[in-house]
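A quick write-up on the structure given underneath.
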Amino acid sequence: MIPIAKPFLDTTEADAARAAVLSGWLSQGPQVSAFEREFALLTGARHACAVSNCTTALHLALLANGVGPGDEVITSSHSFIATANSIRYCGATPIFVDVDPATYNINPERVAEAVTERTRAILAVHQMGMPCDLKSLMAVANRHGIALIEDAACAIGSQINVDGDWELVGKPRGSIACFSFHPRKVITTGEGGMLTTSDAEIDRNLRLWRQHGMNVPDTVRHRSPQVIFENYVFVGFNYRMTDVQAAVGRKQLERLPELFARRRAIASRYGELLGNLEGLILPFEPEWARSNWQSYCVRLPDRVDQKTVMQNLLDQGIATRRGIMCSHRETPYSNDARRHDLRQSELAQDHSILLPIYAQMTEEDQVRVADALRVELSR
Ligand SMILES: *Cc1c(COP(=O)(O)O)cnc(C)c1O
């Protein structure tokens with residue numbers, strides 16, 4: 001069986017988790033702090049704040065930008081539903097706009113058209129690890145004085161060229177970037193998330209929010225020779241990461257350059273193997289972007305049926321997934337009154353499939369996938 005994805009972990013991570021368990025400090029503690037420092041260093045962000053997953057990261061990122069009831073946040077429908085849900089958590093309304101069919105990322109022109117008096121933020125997704133057009137999106141955000149938040153759940157390690165220099169996604173261009181360490185992403189802690197920002201005050205607030213609004217963290221009280229009493233300055237949440245997760249995350253972070261290179265090599269090989277398949281559209285990488293290829297998405301010719309192709313591949317032991325979902329087609333969002341044209345999003349969901357990609361994938365695996373797909377397209 002060739003799975004759609006496979007996390008890359010071995011005894012290195014297992015030993016780190018074991019050491020964290022035996023240390024006696026299990027919840028957010030020294031390992032979380034070290035993971036945050038190393039993550040900030042890697043991405044070039046001034047601050048990094050660890051949380052329980054990327055959905056909670058998105059929730060806090062919106063709150064930190066003052067998003068609340070009555071506000072609108074412009075985003076992609078064509079994304080995992082957590083993107084839209086995080087906006088609803090704040091009592092705000094997601095305003096879905098269409099994606100660019102070449103990159104599956106939000107179309108900055110559609111964003112500009114959707115801005116109203118109520119727009120508080122743009123929540124831009126780096127879909128499947130492909131950097132979105134941050135430069136154009138920042139221009140829209142700055143023009144209207146609204147926040148730009150990056151849903152970088154899939155984009156850890158992805159690079160973007162800004163004014164001639166390559167930098168990692170997460171050296172935030174806008175207000176905050178949010179990452180996921182779910183096993184389906186490029187590096188994993190089981191569950192986990194991270195927010196990066198260059199704004200010290202935002203970072204301070206994120207740390208309050210993730211821990212019940214507690215103004216003196218337990219780590220500080222624990223170390224202090226003096227008795228300190230803490231206060232709870234607002235209604236916060238328990239969005240903490242554990243030290244066991246962070247210990248695993250630190251080891252995963254060390255592997256990132258290797259995993260990034262490996263995934264890029266696999267994507268490039270797919271390009272060679274699939275490049276001449278009639279009617280198949282391969283993913284497009286703009287010249288200013290370097291994807292980590294969290295997913296490898298191909299657009300099928302309109303004449304072939306997506307589900308049939310997927311079933312036939314599955315029958316041969318090859319797992320695929322359909323194109324990224326559209327939130328506006330799901331019950332919680334299907335009755336939204338205001339609706340922009342989302343045709344490209346729907347076409348992408350209905351006519352694309354994600355092919356297996358993971359660091360351990362062999363040349364033989366890739367050839368099997370390509371051969372099976374070739375047969376499907378020639379039926
Ligand atoms: C996976 C994903 C999320 C949610 O991440 P979790 O860590 O599972 O909460 C959010 N947005 C996008 C685009 C994702 O792919």
For this session: Take segment 81-97 and flag every residue that is near the ligand (Cβ under 9 Å from one of its atoms) and either touching a Leu at 6+ places or on another chain (Cβ under 7 Å) or more than 21 Å from Ser52 (Cα to Cα) (or both).
Result: Ala82, Thr83, Ser86
Seminar exercise, completed: When every residue in segment 142-164 that is closer than 16 Å to Ala61 by Cα and of a type in the set (Asp, Glu) is compared, the one farthest from the ligand (Cβ to nearest atom) is Glu150
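Could you say whether any residue in segment 165-185 is assigned to a helix (DSSP H, G or I) and away from the ligand (no atom under 16 Å from the Cβ)?
So far as segment 165-185 goes, no, none of its residues is assigned to a helix (DSSP H, G or I) and away from the ligand (no atom under 16 Å from the Cβ).
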For this session: May I ask you to list the residues in segment 193-252 that are surrounded by fewer than 16 Cβ atoms within 10 Å (Cβ to Cβ) and of a type in the set (A, V, I, L, M, F, W, C)?
Result: Ala200, Val216, Val220, Val227, Ile228, Phe229, Val233, Phe234, Val235
Problem set entry | Contacts under 6 angstrom Cβ, first residue in segment 213-242 being over 15 Å from Leu60 (Cβ atoms), partner assigned to a helix (DSSP H, G or I) and basic (Lys, Arg), 6 or more apart | Ile228/Arg221
Seminar exercise, completed: Trp293 vs (1) within 16 Å of the ligand (Cβ to nearest atom); (2) among the hydrophobic types (A, V, I, L, M, F, W, C); (3) in the same structural domain as Ala147 (by TED's automatic domain parsing): all pass except (3)
Problem set entry | Residue, surrounded by the fewest Cβ atoms within 10 Å (Cβ to Cβ), within segment 325-379, restricted to residues that are touching a Ser or Thr at 6+ places or on another chain (Cβ under 7 Å) and polar (S, T, N, Q) | Ser327
Exercise. Does segment 211-220 contain any residue that is assigned to a loop (DSSP other than H, G, I, E, B), closer than 30 Å to Met361 by Cα and assigned by TED's automatic domain parsing to the domain that holds Pro30?
Worked result: no
Problem set entry | Residues located in segment 118-139, provided they are in a helix (DSSP H, G or I) and either surrounded by 20 or more Cβ atoms within 10 Å (Cβ to Cβ) or within 13 Å of the ligand (Cβ to nearest atom) (or both) | Gln127, Met128, Gly129, Leu134, Leu137
Exercise. Any idea which of (1) under 18 Å from Phe181 (Cβ atoms); (2) within 11 Å of the ligand (Cβ to nearest atom) is the one Ala48 doesn't satisfy?
Worked result: (2)
For this session: Please work out which residue is farthest from Arg264 (Cα to Cα), limiting yourself to segment 149-174 and to residues that are buried (at least 24 other Cβ atoms within 10 Å of the Cβ) and without any contact (Cβ under 8 Å) to a residue 40 or more places away in the chain.
Result: Glu150
Problem set entry | From Ala14, Ala20, residue being surrounded by 14 or more Cβ atoms within 10 Å (Cβ to Cβ) and at pLDDT 95 or above | Ala20
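In contact with a helix residue (DSSP H, G or I) (Cβ under 6 Å, 6 or more places away or on another chain) and either farther than 21 Å from Val186 by Cβ or in the same structural domain as Ala82 (by TED's automatic domain parsing) (or both), is that true of Leu300?
Considered against the rule, which asks whether it is in contact with a helix residue (DSSP H, G or I) (Cβ under 6 Å, 6 or more places away or on another chain) and either farther than 21 Å from Val186 by Cβ or in the same structural domain as Ala82 (by TED's automatic domain parsing) (or both), Leu300 comes out as yes.
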Exercise. Does Ser33 satisfy the condition of being in contact (Cβ under 8 Å) with a residue 40 or more places away in the chain and more than 16 Å from the ligand (Cβ to nearest atom)?
Worked result: yes
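Yes or no, residue by residue, for (1) at pLDDT below 95; (2) aliphatic (A, V, I, L, M); (3) outside any loop (DSSP other than H, G, I, E, B); (4) touching a Phe, Trp or Tyr at 6+ places or on another chain (Cβ under 8 Å):
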residue: Thr188; (1), (2), (3), (4): no, no, no, yes
residue: Glu201; (1), (2), (3), (4): no, no, yes, no
residue: Asn205; (1), (2), (3), (4): no, no, yes, no
residue: Leu208; (1), (2), (3), (4): no, yes, yes, yes
residue: Ile228; (1), (2), (3), (4): yes, yes, no, no
Seminar exercise, completed: Selection from segment 71-87 of residues under 16 Å from Cys326 (Cα atoms) and touching a residue at least 40 places away in the same chain (Cβ under 8 Å) yields Ile74, Thr75, Ser76, Ser77, His78, Ser79, Phe80, Ile81, Ala82, Thr83, Ala84, Asn85
For this session: Report those helices (runs of 4 or more DSSP H) wholly inside segment 1-117 carrying at least 3 residues which are within 16 Å of Gly249 (Cα to Cα), among the hydrophobic types (A, V, I, L, M, F, W, C) and within 19 Å of the chain's Cα centre (by Cα).
Result: 30-43
Exercise. When residues of segment 62-80 are filtered for being within 14 Å of the ligand (Cβ to nearest atom) and either closer than 16 Å to Gln211 by Cβ or surrounded by fewer than 22 Cβ atoms within 10 Å (Cβ to Cβ) (or both), how many remain?
Worked result: 1
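The values are calculated or read from the model by the stated rules, or taken from the named source; none is laboratory data. Here the structure is a predicted model, which is why all the values come from computation and not from measurement. Methodologically, a virtual Cβ is constructed for each residue, glycine included, from the backbone with ideal geometry; neighbour enumeration extends over all protein chains shown.
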